[in-house]
Amino acid sequence: MRVLLRVLAPLLGLALAAVGVLVVVEVVAAWIGSAGTTGSDGVIVPWPSWQQTLDGLVWATTPVRITAIVVAVVGLLLLLVALAARRHDVPLRPPAPDVTVTTSPQALARMVGRRVRAADAVSSAAVTASRRAISVRAQGWEPTDGGTGLAESVRGDVESLLDDLPLANRPRVSVAVRRQAGPR
């Protein structure tokens, strides 16, 4: 969503700038050229004919209602895009009362991924993280020393890392493993 917002913002800005330039050109042309004449068309925009058309419309006509509905729907969609594009930072415990500390979900996922991939029994891992949850998908071998299984080992590694991090709220951890066959 942030990419969509980064594309929409300049496009809307350029559209507003273009409308502003048109208004300035029309106003300057009206000041200079129509000092003694009336009823002339605009330089770029035929605004006198548009004005005559709009003079015949009232608020209860169908085109006005449809335009109002379209503008309201587009505004609501833009508002939803802007709300969905907000940052989803993970809050950390503040070191001082007036200090706010956050980290990104991507940084948290990288830390968890490094810890999980450092285990001998794990060959690969994919981690996604958010403020509320951490999801680990690991592939590896079952431990041969008779200890806990691969899933419990990975969960233990993640839980120990979360114990070391100063997270304000502890996210829930879900682990999915796929056993890999063959030698290490």
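List of remarks:
- Restricting segment 94-117 to residues that are within 22 Å of residue 149 (Cβ to Cβ) and touching an Asp or Glu at 6+ places or on another chain (Cβ under 8 Å) leaves a set whose member that is surrounded by the fewest Cβ atoms within 10 Å (Cβ to Cβ) is 115.
- Note on segment 168-184: among residues that are out of contact with any strand residue (DSSP E or B) (no Cβ under 6 Å at 6 or more places or on another chain) and not charged (D, E, K, R), the one that is nearest to residue 102 (Cα to Cα) is 169.
- Subset of segment 124-137 [surrounded by 15 or more Cβ atoms within 10 Å (Cβ to Cβ) and touching a strand residue (DSSP E or B) at 6+ places or on another chain (Cβ under 6 Å)]: 125, 127, 128, 131, 134, 135, 136, 137
- Of all residues in segment 154-184, those being of a type outside the set (A, V, I, L, M), outside any strand (DSSP E or B) and modelled with pLDDT of 90 or more number 11.
- Among the candidates 159, 152, the residue that is free of Cβ contacts under 8 Å to residues at least 60 places away in the same chain, over 27 Å from residue 5 (Cα atoms) and touching a strand residue (DSSP E or B) at 6+ places or on another chain (Cβ under 7 Å) is uniquely 159.
The values are calculated or read from the model by the stated rules, or taken from the named source; none is laboratory data. Everything numeric here is computed off the predicted structure, so don't read it as measured data. Note that each Cβ is placed from the backbone with ideal geometry, even for glycine, and that neighbours are counted across all protein chains shown.
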